[in-house]
1. Considering only residues that are over 17 Å from B:Lys401 (Cβ atoms) and hydrophobic (A, V, I, L, M, F, W, C), which ones fall in the stretch B:429-450?
2. Which residues, taken from the stretch A:81-126, are closer than 18 Å to A:Ser61 by Cβ, away from every other protein chain (no Cβ under 14 Å) and among the hydroxyl-bearing types (Ser, Thr, Tyr)?
3. Any idea which of (1) in a helix (DSSP H, G or I); (2) loosely packed, with under 15 Cβ neighbours inside 10 Å is the one B:Thr376 doesn't satisfy?
4. Only one residue in B:Leu365, B:Leu403, B:Leu383 is surrounded by fewer than 21 Cβ atoms within 10 Å (Cβ to Cβ) and either of a type in the set (A, V, I, L, M, F, W, C) or out of contact with any Lys or Arg (no Cβ under 7 Å at 6 or more places or on another chain) (or both). Which one?
5. I'd like the residue in the stretch A:58-74 that is of a type in the set (S, T, N, Q) and at the interface with another protein chain (Cβ under 9 Å from one of its Cβ atoms) and, out of all such residues, is surrounded by the fewest Cβ atoms within 10 Å (Cβ to Cβ).
6. Please go through the stretch A:11-50 and pick out each residue that is assigned to a loop (DSSP other than H, G, I, E, B), within 13 Å of chain B (Cβ to nearest Cβ) and more than 21 Å from A:Ala119 (Cα to Cα).
7. Give B:Val419, B:Val382 a once-over and let me know the one that is in contact with a Pro (Cβ under 9 Å, 6 or more places away or on another chain), closer than 30 Å to A:Ser61 by Cα, modelled with pLDDT under 95 and not charged (D, E, K, R).
8. Scan the stretch B:180-206 for residues that are among the polar types (S, T, N, Q) and surrounded by fewer than 15 Cβ atoms within 10 Å (Cβ to Cβ) and report the count.
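The values are calculated or read from the model by the stated rules, or taken from the named source; none is laboratory data. The structure presented is a predicted model; accordingly, all values stated were derived computationally and were not measured. Note that each Cβ is placed from the backbone with ideal geometry, even for glycine, and that neighbours are counted across all protein chains shown.
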Amino acid sequence: MLPTDRKYTKSHEWIKIEADGTATIGITDYAQGELGDITFVELPEVGERKPAGEVCAEVESVKAASDIYAPVSGLVAAVNEDLDGSPELVNQSPFEQGWLLRLSEVDASAADQLLDAAAYEATLREAE
Amino acid sequence: MSIIFAKSVAGRRGVRPPNSDVPAAAGLPPDYLRQTEPALCELSELDTVRHFTELSRRNFGLDSGFYPLGSCTMKYNPKILEKVAALPGFANLHPLLPQLRQGGMLAQGALRVLHDLEQWLAELTGMAGYTLQPLAGAHGELTGMMIVAAYHRDRGNRKAEVLIPDEAHGTNPSSAAIAGYTTLPVATDPKTGMLDLQELKAKIGPNTAAVMLTNPNTLGIFNTHIREVAEIAHRHDAQVYYDGANFNAVMGRFRPGDAGVDVMHLNLHKTFATPHGSGGPGAGPVGVAAHLVDFLPISRVVKRQDNTFILDYDYPKSIGYIAPFYGNFAVCLKACAYIMLLGADGLREVSEQAVLNANYLMQRLKDSYDLPFDRTCMHEFVLSAKRQEKQHGIRALDIAKGLIDRGFHPPTVYFPLIVPEALMIEPTETESKETLDRFVAAMRELAETAAADPESLRQAPKSTPVGRPDEVRAAREMDVCHPA
């Protein structure tokens, strides 16, 4: 079910190391389901440096506003501008079109320390 | 029903004043003259009366039914408080009077009301001094956090962080942020429903300016470790902020000042029975311990040796002005009258009855819904519709909508955020057992309907002019202007 080409965090972010060494970041299907209909996504400026564990974006839904944390440190290389007019992309396609931002200058080995799909799924079962 | 502009007919009038015999533009420079007619609606007096009467009949307020909106303390506000606030000696007083030469002598009664209320709130909460000026609870929080910031500046402390439990009202982190701080959440212990002391100890440090907490917290659970929290905070010269939103649970039983709280606010519009939300302006008085009194906003009401009262502005360390005049005076007056009406014993009974009512409801509903924290609650408790959601696809929102059709205002839903499908119920002390029993019957019937006929709940409410507003579209495409 969960894409296995990426890593996950306990706080429901995913991170995918791309071929060019950048890292794409988004939230999981579980996270979008818990948030409900997303109404607004606040993204950082390109060029901002984000230390691991710091807030790198904010997702607002009809229920709540939630901080999104950078799974690893890096420099914001791109943000998903489509979310500006269509925040519902995060609900419809959290793992593909609904990505949030891309970091460059990331340490890929730091991402290795994160949860793989099976381990993340286990944390979800625990939470139930 | 249509909006009032749709009822407008060109040329229709309620009142026809005589023609003005003053030249229209006398003395006004052309820059200040309006170029177009104002876009006002034109109605007769009768049409206007009918419009607003119809609107009022569609409103649901505490005067029409049970309103168990968790965290909001929607108690009944005795009508006599309105009478007191309307007494001409108070209602016709000009707010600038105390600032005029000799004018203070003509406002002694009003100044005494403010002075006495401050004293009584200080007595009830164990704080050394109060300001009544903040105009709402969140304004009180901001005032309190500005006082914390002023305290640290005065001591030369450089601190950047405020610790806040993850179940807190959203206004806590927002007030701390506006006062210039970064906020860090502290987890709730899933076993006790209280702040996790180990995590607090791990996160607190020299950079911590304050710990903000609500007690009882938003789960309706009293944090019995509050004294220890204060001791831990004070070891790092961090201040303890007490959000008094839930003070209705503990009057006459617990004084935050005695537990080491440094600064706190109260919501007069919750605990002290003054109007609420759209019903009237709020008031969020802030109380401080002795070491913070110098930082309170100006002006301050002072009693002089000859027993007269003045507004004093001479406090060099004060954070300054935070509100016009002296806050919402009429609200303070009503709260003062409420305290006089009930007295110390009466206020204690208020809290005891509020806690009893909440526990009664909790016990009678916990078989029909999940109760994530199953322990004696204070003035409110949090159920979860997780079972209904899992088994029948009926969510807390559907239960809330179903309650509307059954004649009740829904409880707070989806808060606190740490409880999935939360239904946060606060009955308050002013409801009778008969009303509580009717609510129990409705909630149990809703749980049964969720299983037997979930589709009917997805359609609810059917009894209101608007069933389910499109909340998503309203948030995504916000447009609050009516096309003129």
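1. B:Leu436, B:Val440, B:Ala441
2. Hit for the stretch A:81-126 is A:Ser93, nothing else.
3. That leaves (1) as the condition not met.
4. The unique qualifying residue is B:Leu365.
5. Looking at residues that are of a type in the set (S, T, N, Q) and at the interface with another protein chain (Cβ under 9 Å from one of its Cβ atoms), I get A:Ser66.
6. Within the stretch A:11-50, A:Gly36, A:Asp37 qualify.
7. Exactly one residue qualifies, and that residue is B:Val419.
8. Adding up the residues that qualify gives 2.
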